[in-house]
């Protein structure tokens, strides 16, 4: 288990006042099977934020762990398969540009890739079969018709929707750079 996940799980225990084993048992005994249903149950029943509930469900279902045990290329092959295969060039172009910023961690998940420095600064992945999303964590940047502000409490403060690699332009890279710089 990576250090960032350990820290977040410890913080979840502190915020809920429940040990991880009890939280895990609660998820498993709920009778729910779908990730979204489990996440929503934790948010409703324990007042957890979206990010904490999402992380706990990933942890319990071993989704994140199984993705991290695979190589990044294997996970990308799984993410960009079938109708979503055409979105891989968007991912590749973004990663080529972001790679020029400096050091950061790439944490492949089940359906997206998380990019982190001291904290997560971006999430990259297909939102639908035809739309790619870049989620960004940063503050104080005015939203636009391309940089869409998200409701408070979500995993990202902004989203950028893309449908083709040509849309990865200087403006998109500038916004990602702002999030990268803000992540320490």
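Where a number appears in this text, it was derived from the coordinates with a stated rule and is not lab data. Just so it is clear, the model here is predicted, and its values are computed rather than measured. Because the Cβ atoms are built from the backbone with ideal geometry, glycine has one as well, and the counts that use them run over all protein chains shown.
With respect to the chain, whose longest principal axis is taken over its alpha-carbon atoms, helix 170-182 is tilted by about 40°.
Relative contact order, whole percent, for the range 89-184 stands at 30, derived from Cα pairs under 8 Å and 6 or more residues apart. The angle between the Cα long axis of helix 3-16 and the longest principal axis of the Cα atoms of the chain comes to about 50 degrees, rounded to the nearest 10.
Shape call for the range 83-182 from the C-alpha gyration tensor, a ≥ b ≥ c root eigenvalues: rounded (a/c under 1.5), prolate (a/b greater than b/c) or oblate?
Working: a/c = 1.33, a/b = 1.17, b/c = 1.14.
The shape class here is rounded.
Over the chain, what is the relative contact order in percent, taking alpha-carbon pairs closer than 8 angstrom and at least six residues apart? About 17 percent, as a whole number. Based on Cα contacts under 8 Å between residues 6+ apart, the range 3-61 shows a relative contact order of 35 percent. For the chain, the longest principal axis of the alpha carbon atoms and the long axis of helix 20-29 meet at an angle near 90°.
Given the peptides 154-161, 39-46, 25-32, arrange them by the average over their residues of other C-beta atoms within 10 Å, most packed first.
Values: 154-161: 18.6, 39-46: 16.9, 25-32: 13.1.
Highest mean packing first, the order is 154-161, 39-46, 25-32.
With a Förster radius of 25 Å applied to the beta-carbon distance between residue 20 and residue 119, the computed FRET efficiency rounds to 0.75.
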